[in-house]
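Please treat every number below as a calculation from the coordinates, not as lab data. Everything quoted here is computed from the prediction, not taken from an experiment. Note that each Cβ is placed from the backbone with ideal geometry, even for glycine, and that neighbours are counted across all protein chains shown.
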């Protein structure tokens, strides 16, 4: 799986254009039927036409349509001019370059990102998405492109100690809704006062404004925020939480893109492109962490 490929291969073309061809054939057959048959099959013929339109509208062999959230720095974010940036965007562009196709990357709210893929709005999701059994029932994941850990954040002078389960239960803790961090916290500490937010930015906003005592987040977005003016009085608390969390690219089940993206992902790792992008975004400043982080009691994990 080391050779580059082009999405517009014969196998891809045959697969993606088979439904429209069958739909056209069905319409021609209907045209030769009696008036009574035409009336009884109006609905079926309309459905076939719509299917043909939908399939053909989403098939440009030279374009790979990718969705990202655009609000999860440093993985993906929206610049002041409306363009998208971040680790995910550069990984997506590198994969597209290896595949010799054009990337069309669009922002999509997190809660609707999987439904949008299933509806055919785009071909793949590159959005720091964790591989979970629940998501794997709806989408097909590529090989992982990043391994993630979770961290707690609080004010530098805060006594909050996540190694003590009583501290977690007695403090208000922010997290982004429907993420691996919020799901882990809800499962591990069901009695905790958890405040859920639609975006990570809003969670950080409430943490920085003192409306919550602490926050749980993926490590690298937390590091990114700590380096900003809003996060200058905050630090990571406790040890990183390794929950075997891997980020992967999502496509529709059965899509040949899964294998094609895997090949290009392997290629950019082998030729050094991945390492250059990784180094650009993930140099961790020592000032973001406590000098001596309290050890996590294994009984509370």
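What length, rounded to one decimal in nm, is gained on full extension from residue 111 through to residue 169, with 0.36 nm per residue of separation minus their alpha-carbon distance? Walk me through the numbers on the way to the answer.
Numbers: separation 58, 0.36 × 58 = 20.88 nm, distance 2.69 nm.
That pair, residue 111 and residue 169, stretches by 18.2 nm at full extension.
At a Förster radius of 30 Å, what calculated FRET efficiency corresponds to the Cβ-Cβ distance of residue 119 and residue 78, to the nearest 0.05? FRET efficiency, residue 119 to residue 78: 0.85. Subtracting the Cα-Cα distance of residue 156 and residue 242 from their residue separation scaled by 0.36 nm leaves 28.7 nm. Only Cα pairs under 8 Å and at least 6 apart count here; give the relative contact order of the stretch 158-259 as a rounded whole percent. Relative contact order of the stretch 158-259: 26 percent. Beta bridges per DSSP, both residues in the stretch 80-217: antiparallel share near 35 percent.
A simple spin-label model places the labels of residue 201 and residue 232 2.1 nm from each other, with each point 7 Å out along Cα-to-Cβ. Neighbour counts of C-beta atoms inside 10 Å place 211, 177 in the sequence 211, 177, starting with the fewest.
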